[in-house]
1. Got a sec? How would 102, 146 order by Cβ neighbour count within 10 Å, fewest to most?
2. Suppose R0 equals 30 Å. What FRET efficiency, 1/(1 + (r/R0)^6) with r the Cβ-Cβ distance, do residue 90 and residue 113 give to the nearest 0.05?
3. For the stretch 56-176, rounded, prolate or oblate, judged on the Cα gyration tensor with a ≥ b ≥ c (square roots of eigenvalues), a/c < 1.5 rounded, else prolate if a/b > b/c?
4. Please list, in order along the stretch 111-122, the HN-Hα scalar couplings obtained from phi with the Karplus expression 6.51 cos²θ - 1.76 cosθ + 1.60 (θ = phi - 60°), rounded to whole Hz, x for Gly and Pro.
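We did not get these values from a lab; they are worked out from the coordinates using the rules stated. Every value quoted in this text rests on a predicted model; they were computed, and no experiment measured them. Cβ coordinates were reconstructed from backbone atoms using ideal geometry, including for glycine residues, and neighbour counts include every protein chain displayed.
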Amino acid sequence: MSILSRRRGVNVLSAFAVAVAAILIGWAALAWLMPANSRKADRQSTCTLPTGSVTYQELQCHPEANLIYPGSTVFQGIGASQTNTFDGINPAFSGAILISSDPVTKIYAWYDSWLKQHEWYRSPLLGAGYVSSHGYARVGGREAFDVDIDNPAQLSATLGKKVPAGGTIFEVVYLVFPYTAGAKSAPSCASTPPPTGPLDSFYCNP
């Protein structure tokens, strides 16, 4: 084979490589230019509630699992997979202990607005022991969300480490209860009849 023929072969391969690279770059650019909401919708479209044992990792595709109040500081992340106990089954949960310079009323108002825009409703609380709390549930009876205002001294004793002074100390927790075959969906927004799920009632008070 002549030198000229070999050079022509190299040129053809180089041109082909450049063309392939250009196509790949074009695809990457299109993916990047796709609206962020579209990319987010694609990810969330595959995010469902498992019918088997629920893990902490499976909650992470839900925005409620990491619904951090704007401008707040994460003091400590919290969460665990579904576990079996002598008393029954503890739900999987994900959340955080947060610190904010904003007052409690403003924090409650922000979560109340966000959650109600995403098909959540005020609901009876699943636990107590806080300075104050707001509980929410979603239609279907398996999901709950709590916003709990902490007592700094009590929280420090519970965690075994001092909580920074100043600001509002609070917890946000997203919970998913075990799936119950044959359970009916909760009413869209009513006090009666109660849903056949782990949450005993839903209501729409502000």
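1. Details: 102 15, 146 23.
Taking fewest neighbouring Cβ atoms as first place, the list is 102, 146.
2. Values: r = 30 Å, r/R0 = 0.99.
It comes to 0.50.
3. Numbers: a/c = 1.66, a/b = 1.19, b/c = 1.39.
Oblate.
4. Values, residue by residue: 5, 4, 5, 5, 5, 5, 6, 10, 6, 9, 9, 4 Hz.
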